[in-house]
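Below: one structure in structure tokens.
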């Protein structure tokens with residue numbers, strides 16, 4: 001049965017390093033580059049754009065929401081750290097599921113990764129467009145016309161800035177991993193510095209009274225805020241997609257995951273407290289480009305807001321770059337296994353990057369970025385990511401039982417309590433997304449099952465290899 005087609009961790013690692021048909025990647029990323037890559041994938045739209053939505057739900061208690069979302073991610077981060085160190089390949093959670101739960105589950109995980117990596121690129125690009133307009137307004141007093149800076153759902157015709165940032169990221173990615181890593185590192189350092197400056201400005205105007213009432217919507221508001229805040233953490237698992245391009249993946253990937261998650265949590269809580277403490281939750285909640293507005297209100301000029309807007313433009317562009325990188329590597333791993341067309345596994349001998357796959361990804365996800373609104377994709381992206389995280393926690397348990405001797409450079413502490421809690425937190429946040437999102441997600445999974453049945457199952461290289469082995473065994477048996 002396809003569900004029982006399991007690819008061993010040893011085979012996954014061997015195939016990734018075999019440089020089959022010239023499809024190998026170069027190991028050029030060290031620990032610092034991995035941490036910057038992780039920061040680049042995480043810190044962006046969620047805090048620069050999504051903070052206002054989280055505050056609108058939870059009020060000042062959004063800090064609690066960020067912590068709860070982080071706890072959910074920490075449980076799963078332990079799982080990703082163990083699996084990323086044990087199976088250092090570019091397939092991330094797709095490859096982990098293939099080794100632990102079988103081919104059909106792995107395909108559906110890869111299908112959901114189209115939501116986490118692919119659709120989130122579109123959402124992030126839409127957020128980038130908001131801050132481009134804010135920056136233009138601060139510097140020149142002019143804005144792009146609504147018809148060219150927003151999709152139909154937001155009162156425009158086409159979101160050209162969103163398309164532009166995806167195109168720029170794809171150009172940088174096809175030039176090479178070394179160039180992309182350098183750009184990501186520079187952007188990560190810059191946006192962290194700007195967020196630290198924002199915190200300094202916000203806390204300079206901090207008023208205790210702005211934090212009351214602390215939780216105006218009660219526990220329900222905190223729960224809804226947690227679901228909204230979770231979008232801010234999407235992308236930390238992208239670090240594991242660099243498994244084939246990290247110089248020492250077994251050591252560096254677990255460290256990079258935990259460092260990035262801890263850094264993001266501290267930063268998010270500090271930014272939220274600074275913003276609300278400066279002008280109050282009512283002023284932050286639901287406001288586009290909220291961080292620029294806070295700085296403008298505190299300083300009484302638009303200069304500070306322009307700096308924050310510039311930081312947001314850089315920050316969100318780095319997320320597009322890092323997440324597109326992850327998406328292309330996932331598709332490359334699936335193509336190696338025959339579950340998606342082989343065009344995605346072709347690596348340029350000149351740049352050592354999947355050029356054609358990168359350009360196809362950019363083309364496909366520029367379409368929703370151009371015509372969809374941010375709100376239309378955030379919840380669907382969130383529920384898909386949570387489903388993947390639940391599967392990764394289950395995979396840790398499955399591999400501990402099936403592969404007890406597997407070399408693990410990091411082990412999930414308090415096993416099996418932590419993975420079980422990870423699954424529980426993921427299911428709770430999935431529930432909080434609402435029944436409409438569940439219906440959309442069910443339809444998305446049904447489409448994935450259909451694609452697997454019509455293409456993936458028939459073209460699976462593992463299935464063909466098993467069939468060839470059976471045929472050889474039968475031939476030998478008949479000869480004897």
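Please treat every number below as a calculation from the coordinates, not as lab data. What you see is a predicted model, and the numbers here were worked out from it, not measured in a lab. Every residue, glycine among them, receives a Cβ derived from its backbone with ideal geometry; neighbour counts consider all protein chains shown.
At R0 = 60 Å, how high is the FRET efficiency between residue 451 and residue 203 if r is their beta carbon distance? Nearest 0.05 is fine. Walk me through the numbers on the way to the answer.
Working: r = 50 Å, r/R0 = 0.84.
E(calc), rounded to 0.05, equals 0.75.
Now for a different question. For residue 71 and residue 8 in the same chain, what is the full-extension length gain: residue separation times 0.36 nm, less their Cα-Cα distance, in nm?
On the way: separation 63, 0.36 × 63 = 22.68 nm, distance 3.03 nm.
Between residue 71 and residue 8, full extension yields 19.6 nm more.
Right, next: How far apart, in nanometres, would the label points at residue 428 and residue 356 be if each is projected 7 angstrom from Cα along the Cα-to-Cβ direction?
If labels sit at residue 428 and residue 356, their model points lie 4.7 nm apart.
Here's another thing I want to ask about it. Taking each pair of distinct Cα atoms in the stretch 2-479 once, what is the resulting Kirkwood hydrodynamic radius in Å? Intermediate results must be reported in sequence, preceding the final value.
Details: mean 1/r = 0.0444 Å⁻¹.
Across the stretch 2-479, the inverse of the average 1/r is 22.5 Å.
Give me the number: length gained by fully extending residue 436 to residue 263, i.e. 0.36 nm times residue separation minus the C-alpha to C-alpha distance, one decimal in nm. Mind showing how you got there, number by number?
Working: separation 173, 0.36 × 173 = 62.28 nm, distance 3.31 nm.
Taking residue 436 through residue 263 to full extension adds about 59.0 nm, to one decimal.
Also, I was wondering about something else. Which stretch or stretches of the stretch 180-223 have amide N atoms under 14 Å from the point lying 7 Å from residue 26's Cα along the Cα→Cβ direction?
Backbone N within reach: 180-182.
What length, rounded to one decimal in nm, is gained on full extension from residue 459 through to residue 139, with 0.36 nm per residue of separation minus their alpha-carbon distance?
Working: separation 320, 0.36 × 320 = 115.20 nm, distance 5.40 nm.
Full extension of this stretch gives 109.8 nm more.
Cα centroid distance between the stretch 239-268 and the stretch 53-90, in Å?
13
OK, next. For the chain, take the longest principal axis of its alpha carbons; what is the angle in degrees between that and the long axis of helix 120-140, to the nearest 10 within 0 to 90?
The helix 120-140 is inclined about 30 degrees to the chain.
So, one more: With label points built 7 Å along Cα→Cβ from the Cα atoms of residue 363 and residue 247, find their separation and express it in nm.
The answer from the label model is 3.7 nm.
Continuing with the same structure: If one takes the longest principal axis of the Cα atoms in the chain, at what angle in degrees, from 0 to 90 and to the nearest 10, does the Cα axis of helix 160-175 lie?
Helix 160-175 and the main axis of the chain meet at about 40 degrees.
Sorted by mean Cβ packing within 10 Å, highest first, what order do the peptides 318-329, 211-222 take? Mind showing how you got there, number by number?
Working: 318-329: 29.0, 211-222: 14.8.
Most protected by this proxy first, the peptides run 318-329, 211-222.
Sum -39500 (n - 2.57) across every DSSP H segment of at least 4 residues in the chain, then divide by the residue count to get the 222 nm mean residue ellipticity, nearest 500. Intermediate results must be reported in sequence, preceding the final value.
Working: 21 runs with 336 residues, N = 480.
That calculation yields -23000 deg cm²/dmol at 222 nm.
Now for a different question. Does anyone have the angle between helix 417-432 and the longest principal axis of the chain? Alpha-carbon axes, 0 to 90°, nearest 10?
Around 60 degrees separate the two axes.
Between the stretch 354-429 and the stretch 103-174, what is the separation of their alpha carbon centroids in Å?
A separation of 21 Å, based on Cα centres.
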